[in-house]
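A quick write-up on the structure given underneath.
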Amino acid sequence: MRGKVTEYDSYGGTGLINVNADGVTYRFTVAVWKGVAAPSVGADVDLVLSNDQVERVTPTNEQEAVPGGGQINGSQSGQTFQVASLVERLTKPVLISYGAFLVATLFLPAVTGDGIGGNASMFQLASLLALFGGGGAGVVRVLLILAYFSIAVPLLWLDKRSWLALTVPLLAVLSGLYTAARAVSSDDPFSRGPSVFDFLGIGFYVAAAASVHLAAQGIKRFNA
């Protein structure tokens, strides 16, 4: 059946196809799209229905030529689209921020000097904080693990609410900062001991900047 894409929401991963033959509009998801490039408004497509539900959508005007001649086979087409679809749905800025968050929390020092944890990364620090009275160390570790997997939520759950998962990295950073602050604070209200900011390293600041950007993008897309 021949139709035309009339709407496509890259954030939600859904779109509409108008079929000229019967004047009916069908909703489809990116999961049934079989093209090399991501869906675009105005694209002519062939669609296959099953019980009035779109089962497969293939662009009719897409040239799948490869260097040297020939055509891309179905497996290559699917792999190419999966990569293109992932980048389009998440966007490069989000992927870059996510990568920066991973590197910062796993490999860069969240603290420096001889304070809490030496030159430990934020993930390492989550384990060490308990030794300094940081009772929330377990919560920080759990939030960091959830943050590492949060990027997959918008890919697996095609709903605008899924973008709120991108706020988890910021929650992890704030939880880590709060727990670290409690670990270095004094029970004496008149004490002028060191502040947690005296120990923070580049890993914390990179993670904080990346997590703020991720949270902002997640909220923006949820409200779109």
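The values are calculated or read from the model by the stated rules, or taken from the named source; none is laboratory data. Quick caveat: nothing in here was measured; it's all calculated off a predicted structure. Positions of Cβ are backbone-derived with ideal geometry, glycine not excepted, and every protein chain shown enters the neighbour counts.
Summary table
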{"read-out": "Residue in region 50-63 that is in a strand (DSSP E or B), more than 24 Å from A224 (Cβ to Cβ) and of a type in the set (K, R) present", "value": "yes"}
{"read-out": "Residue that is touching a Leu at 6+ places or on another chain (Cβ under 8 Å) and modelled with pLDDT under 90, where the choices are R27, R89", "value": "R89"}
{"read-out": "Of residues in region 11-59 being surrounded by fewer than 17 Cβ atoms within 10 Å (Cβ to Cβ) and hydroxyl-bearing (S, T, Y), the one farthest from F222 (Cα to Cα)", "value": "S50"}
{"read-out": "Those helices (runs of 4 or more DSSP H) lying entirely in region 140-224 with at least 1 residues farther than 30 Å from W33 by Cβ and modelled with pLDDT of 80 or more", "value": "168-184, 202-223"}
